[in-house]
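A short write-up of the structure that comes next.
Every read-out reported here was derived from the displayed coordinates using simple, explicitly stated rules and does not represent laboratory data. None of these values were measured; they are calculated from a predicted model. Every residue, glycine as well, gets a Cβ built from its backbone with ideal geometry; the counts of neighbours run over all protein chains shown.
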Amino acid sequence: MVDKTFDLIVLGAGPGGYVGAIRASQLGMKVAVVEQRATLGGVCLNEGCIPSKALLDSSEHYSLAKNHFAMHGIEITEPKLNLTTMMQRKDNIVSELTSGVEYLFKKNGISWIKGQGILRGTDNDHFQQIEVGPEVYKGKKILLATGSCPVAIPGLPIDNSLIIDSTGALSLAEVPDHLVVVGAGYIGLELGSVWLRLGAKVSVVEMLPEMLPKSDPETVKALQRSLKKQGMNIHLNARIEDIQVDNNQATLTVIRKNKTQEIEADKILISAGRKPNLEGYGLKESGVELDESGFIRVDDNYMTTAPGIYAVGDIIDGPMLAHKASEEAVVCVERMTGQAPAVNYHTIPGVCYTWPEMASIGKTEPELEEEGIPFKVGKFNFMGNGRARAMAETEGLVKILVHPETRKILGFHILGPHASDLIAEVVAVTSLNGTVDDIVRMIHSHPTLSEAIKEASLDVDDSALHA
Ligand code: FAD
């Protein structure tokens, strides 16, 4: 007979759910995970972080071979794209990683209950009940990690042919002639970059006056210049007024600064943000309430308003990022066992994996100004960095925002090669409660891109050495 009672039942096997399950099992809990997809890993592994980065890397190789090898003195015949092989490589990576999570479940004795889970309240012994198909499973505690889905735009319904979402954009069988990306957030810019590098004309249409809202305006402007130079058309302050479809070709009417423009497209990628998955699994009936922003309300232990039901990841407030989901899940289950760790929300890095990459932690200058927090700015351009010049990757800058008295790092923003990895240094210093002076005193290998971080830190007191 199958055992149906657990210490913890996790709903959703994304980076919040599967990481929380593994940690709970390490801490001695008997754990089951309910997942409705055919594979584990959630959005992140199946249709998010991993496949997008696989295509970003492949398309970057193609672009380097096409546009940059000659400058390095490497002469090749015109590289030819084999999109089927590129997609197959991406699919293989996804499949290896999702099976890897399955292996980790087996290793940690975690049961995978396949199907859609629905919360069914508590039984007489105060166990939480989850219905999956004809079965009811019982858990002393439930961890919700049901993630998010793309926000729809009225008038532009996803048909997975002409109008696609991010999942569709990760699996196109052909390079589109003209891809219109609706929304200039990080997903739109990353996937737009993939298809631009592979030869599509790419136009981004964004309603707001800037790309990547809430990011440092100076680094965003520098990224915008770079993407334009690469050939991306970026229309800001632009609203789609109408769409006419004829034979799988669309004509979009776009209004920008009171001027009307028609844009023809053979693919339209809707990437207007994501919303938490809150419907269809009994949240309201179980007493799980939402906060003012429409996410699940949790306390410091990540417990919802329903005792015994916890929530982490994209369904609760904060940046919708895989590492945020995982960190919350680990902290949540450790707190269930009496430990008292906390997520340091100030040090969660956000990355846009375009090329150059953009990465940041903490506050921006406008945010600090608005909050009346005093700050000093240190900056350094990659143009002045020896390694960046050796790599011919001189676009971008490092910017550090520092409190004038405490010398604490209030914000850090970087646009440049490998920004996603470089930011780890500043995350470490900030997590260890360090100051800008710690970075200044740290010895950075020469020649490395990381020296730009030291130089920006020195620039806080006007003492950059290579500026
Ligand atoms: P999810 O990963 O969304 O997983 C939730 C799981 O729950 C899903 O598998 C779903 O099937 C399951 N589920 C939901 N309801 C039920 C139910 N009732 N019963 C059973 N199962 C259920 N983040 C980054 O940090 N870095 C990146 O580079 C990055 N790139 C991205 C690129 C794209 C194209 C996209 C779309 C997202 C990207 N993200 C990235 C965001 C990241 O994928 C999410 O923040 C992360 O996956 C959230 O994790 P989660 O555990 O909260 O939920």
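A quick yes/no check of all residues on (1) more than 27 Å from residue 73 (Cβ to Cβ); (2) surrounded by fewer than 16 Cβ atoms within 10 Å (Cβ to Cβ); (3) among the charged types (D, E, K, R):
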| residue | (1), (2), (3) |
| --- | --- |
| 400 | yes, no, no |
| 406 | yes, yes, no |
| 412 | yes, no, no |
| 418 | no, no, no |
| 425 | yes, no, yes |
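Residue pairs, Cβ under 9 Å, 6 or more apart or interchain, first in region 192-203 and in contact (Cβ under 8 Å) with a residue 24 or more places away in the chain and hydroxyl-bearing (Ser, Thr, Tyr), second crowded, with 24+ Cβ neighbours inside 10 Å and in a helix (DSSP H, G or I). List them.
203/192
Can you tell me which residue within region 32-45, out of those that are within 15 Å of residue 103 (Cα to Cα) and buried (at least 19 other Cβ atoms within 10 Å of the Cβ), is farthest from the ligand (Cβ to nearest atom)?
Looking at the filtered set, the residue picked out is 32.
Of all the strands (runs of 3 or more DSSP E) wholly in region 314-395, which have at least 3 residues that are within 14 Å of the chain's Cα centre (by Cα)?
350-352, 357-362
Look through 102, 190, 174 and report the one residue that is closer than 20 Å to residue 55 by Cβ, in a helix (DSSP H, G or I) and either of a type in the set (Asp, Glu) or within 12 Å of the ligand (Cβ to nearest atom) (or both). Full working, then the answer.
Working: 102 fails: closer than 20 Å to residue 55 by Cβ; 174 fails: in a helix (DSSP H, G or I).
Going through 102, 190, 174 in turn, just one is closer than 20 Å to residue 55 by Cβ, in a helix (DSSP H, G or I) and either of a type in the set (Asp, Glu) or within 12 Å of the ligand (Cβ to nearest atom) (or both): 190.
This table checks each residue for (1) within 22 Å of residue 352 (Cβ to Cβ); (2) charged (D, E, K, R); (3) in a helix (DSSP H, G or I).
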| residue | (1), (2), (3) |
| --- | --- |
| 400 | yes, no, no |
| 405 | no, yes, no |
| 427 | yes, no, yes |
| 430 | yes, no, yes |
| 447 | no, no, no |
| 455 | no, yes, yes |
| 462 | no, yes, no |
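When the residues of region 245-269 are narrowed to those that are among the β-branched types (Val, Ile, Thr) and touching a residue at least 40 places away in the same chain (Cβ under 8 Å), which ends up surrounded by the fewest Cβ atoms within 10 Å (Cβ to Cβ)?
Going residue by residue through region 245-269, those that are among the β-branched types (Val, Ile, Thr) are 245, 251, 253-255, 260, 263, 268.
From the residues that got through so far, the ones that are touching a residue at least 40 places away in the same chain (Cβ under 8 Å) too are 245, 254, 263, 268.
Values: 245: 14, 254: 20, 263: 19, 268: 27.
The extreme case among them is 245.
Does any residue in region 1-21 that is over 14 Å from residue 309 (Cα atoms) and among the aromatic types (Phe, Trp, Tyr) come within less than 7 Å, Cβ to Cβ, of a residue that is assigned to a helix (DSSP H, G or I) and more than 8 Å from the ligand (Cβ to nearest atom) six or more places away or on a different chain, and which pairs are these?
Listed by first residue and then by second, the contacts come to 18/101.
Let's see how each residue does on (1) more than 16 Å from the ligand (Cβ to nearest atom); (2) touching a Leu at 6+ places or on another chain (Cβ under 9 Å):
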| site | (1), (2) |
| --- | --- |
| 230 | yes, yes |
| 234 | yes, yes |
| 237 | yes, yes |
| 240 | yes, yes |
| 248 | yes, yes |
| 255 | yes, no |
| 259 | yes, no |
| 266 | yes, yes |
| 288 | no, yes |
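Taking the options 452, 464, name whichever one is crowded, with 21+ Cβ neighbours inside 10 Å and either touching a Leu at 6+ places or on another chain (Cβ under 8 Å) or within 22 Å of residue 387 (Cα to Cα) (or both).
Details: 464 fails: crowded, with 21+ Cβ neighbours inside 10 Å.
Only one candidate qualifies: 452.
Can you tell me which residues in region 4-21 are more than 8 Å from the ligand (Cβ to nearest atom) and aromatic (Phe, Trp, Tyr)?
6, the sole residue that qualifies.
Inspect all residues belonging to region 60-76 and state whether any of them is within 15 Å of the ligand (Cβ to nearest atom), within 24 Å of residue 44 (Cα to Cα) and in contact (Cβ under 8 Å) with a residue 12 or more places away in the chain.
Residues of region 60-76 that are within 15 Å of the ligand (Cβ to nearest atom), as a first pass: 60.
In the following step, the residues that additionally are within 24 Å of residue 44 (Cα to Cα) were identified as 60.
Filter again for in contact (Cβ under 8 Å) with a residue 12 or more places away in the chain, leaving 60.
Yes, region 60-76 contains a residue that is within 15 Å of the ligand (Cβ to nearest atom), within 24 Å of residue 44 (Cα to Cα) and in contact (Cβ under 8 Å) with a residue 12 or more places away in the chain.
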